[in-house]
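Report on the structure given below.
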Amino acid sequence: MSTTCFDAVDPRLVEVSPKIGFAGHFKLSGADNPGIVHKLTSALARNSLTIGSMQTFQEEAPFGGTELFTMEGKAVAYQPLASNFDWKKIKEELVEMGESMNCDVEFSDVTGDSIRN
């Protein structure tokens, strides 16, 4: 065990913000139905991802009179990442979930973009 001491006179001397290990952009679009947000956010949480930002939109479908729902945002995982963390497997899970709800789901790695911003 090791211990490190820092001068607490100026709190800006110690960096305490967590480091992002992975950032992903997600987008779900399809017919609006109950539980759609819960299902996607639960899948992200099961994979140790946190919602960094999220927006939702609704619009009337051009034909059929149903509501189209779109949700997109950024999901992040902080360092250290689990040894079995695999964003491509998460993407597969999200796409399968979307297909079961008749929705399109996209998920992409934007880690480098996130770290620069």
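The values are calculated or read from the model by the stated rules, or taken from the named source; none is laboratory data. All of these numbers come straight from a predicted model, not from anything done at the bench. Methodologically, a virtual Cβ is constructed for each residue, glycine included, from the backbone with ideal geometry; neighbour enumeration extends over all protein chains shown. Side chains are part of the model used for accessible areas, which takes the heavy atoms of the whole protein and leaves out ligands, DNA and RNA. Shrake-Rupley method; radii C 1.70, N 1.55, O 1.52, S 1.80 Å.
So the label point goes 7 Å from the Cα of Ser17 along Cα→C-beta, right? Which residues of region 47-86 then have their backbone N under 18 Å from it?
From region 47-86, the list is 50-54, 74-80.
What shape does region 38-85 have by the C-alpha gyration tensor, where a ≥ b ≥ c are the square roots of the eigenvalues, rounded means a/c under 1.5, and otherwise prolate means a/b greater than b/c and oblate the rest?
In terms of gyration-tensor shape, prolate.
Counting Lys and Arg as +1 and Asp and Glu as -1, what is the net charge of the other residues whose Cβ lies under 11 Å from the Cβ of Glu59?
-3
In the chain, carbon and sulfur make up what percent of the accessible area (probe 1.4 Å)?
Working: 4190 of 8130 Å².
Heavy-atom surface of the chain belonging to carbon and sulfur, 1.4 Å probe: 52 percent.
Out of region 22-117, which chymotrypsin sites (Phe, Trp or Tyr not before Pro) are coil in DSSP terms and have no more than 16 other C-beta atoms within 10 Å? Could the numbers behind the result be given before it?
Numbers: sites: Phe22, Phe26, Phe57, Phe63, Phe69, Tyr78, Phe85, Trp87, Phe107; in loops: Phe63, Phe85.
Answer in residue order: Phe63, Phe85.
Quick one: order Asp109, Asp10 from most to least accessible surface, probe 1.4 Å.
Values: Asp109 70, Asp10 45 Å².
Result of the area sort, largest leading: Asp109, Asp10.
Taking 8 Å as the Cα distance limit and 6 or more residues as the minimum spacing, I'd like the relative contact order of the chain as a percentage.
For the chain, the relative contact order is 38 percent.
Could you tell me how many degrees, from 0 to 90 and to the nearest 10, lie between the Cα long axis of helix 87-100 and the main elongation axis, the longest principal axis, of the Cα atoms of the chain?
Orientation of helix 87-100: about 30 degrees from the principal axis.
So how do Val76, Val110 rank on accessible area, 1.4 Å probe, biggest first, that is with the largest at the start?
Listed by decreasing accessible area, they come as Val110, Val76.
With a/c under 1.5 counting as rounded, go ahead and sort region 12-114 into rounded, prolate or oblate using the C-alpha gyration tensor (a ≥ b ≥ c being the square roots of the eigenvalues; past the cut-off, prolate if a/b is larger than b/c, else oblate).
prolate
Under 13 Å from the Cα of Lys88, which aspartates and glutamates turn up, not counting those fewer than eight places away in the same chain?
Correct list for Lys88: Glu96, Glu106, Asp109.
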